[in-house]
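A short write-up of the structure that comes next.
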Amino acid sequence: RIYACYTGIEYQSEVSPTLDADGAENSEKTPGLRKYSEGVLWACTVGISGGSILAPMHYIPEDNQGIRFLPSFGVGTAICSPIIVILYHVITKKSQLRFHVKDALTTGSLSGLVWNIGNVLSIVAIQSIGYGVAYPILQCALIVSGTLGIYLFHEIERKSTIAVFWCGGVVVLLGGALLAIAQ
């Protein structure tokens, strides 16, 4: 097994011995690293798109901003979500697209509800204190998700990696506090 700690993310991969052209044993690390690299790519894509998700709201007339923006946001989500799922499967060349409605409908709906509550409240926050201050503070959500990953789902177990996470969390919280004070 390979264990690597990269920017506070613990990564574990199986190393399967293979034979090279001369018949000598060679440790093949590519499949695990490929999966990890794809994960980092998708996470960066989420950061870019998630960080700019409400920016279009500033290009509409002021009377349609805020909560009034939500219905058009919902329509855009309903139209684009299936397209994005199909594109994901085409890009990643995953096997047949299957929906697990019976297994995922309740939990998926609950996740969507929680996400949308956060989305609505982020729109309210942006109207109150501005996008440049509100959205970075809203990104403190990564501390909540990281805490769930560490303590509820046990995705990270190494104490040094958890310490790096909490150091980063303190920086995020301080940054959010400083932005709020600066306003």
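The values are calculated or read from the model by the stated rules, or taken from the named source; none is laboratory data. Quantities reported herein were computed from a predicted structural model and do not represent experimental measurements. Calculation scope for accessible area: heavy atoms of the full protein, side chains included, ligands and nucleic acids excluded. Shrake-Rupley method; radii C 1.70, N 1.55, O 1.52, S 1.80 Å.
Could you give the length gained on full extension between Trp115 and His100, defined as 0.36 nm per residue of separation minus the Cα-Cα distance, in nm?
Additional length available on full extension: 3.4 nm.
Taking only protein heavy atoms into account and a 1.4 Å probe, give the accessible area per residue of segment 120-183 in Å².
63 Å²
Does segment 46-183 classify as rounded, prolate or oblate by the C-alpha gyration tensor (a ≥ b ≥ c root eigenvalues; a/c under 1.5 gives rounded; else a/b over b/c gives prolate, otherwise oblate)?
oblate
Let me know the Rg and Dmax you get for segment 109-183 when you use only its Cα atoms, in Å.
Cα-based Rg and Dmax for segment 109-183 come out at 14.4, 41 Å.
Taking segment 39-122 on its own, what percent of its Cα-Cα pair distances exceed 18 Å? Walk me through the intermediate numbers first.
Details: 2038 of 3486 pairs.
Summing the P(r) of segment 39-122 above 18 Å gives 58 percent of all pairs.
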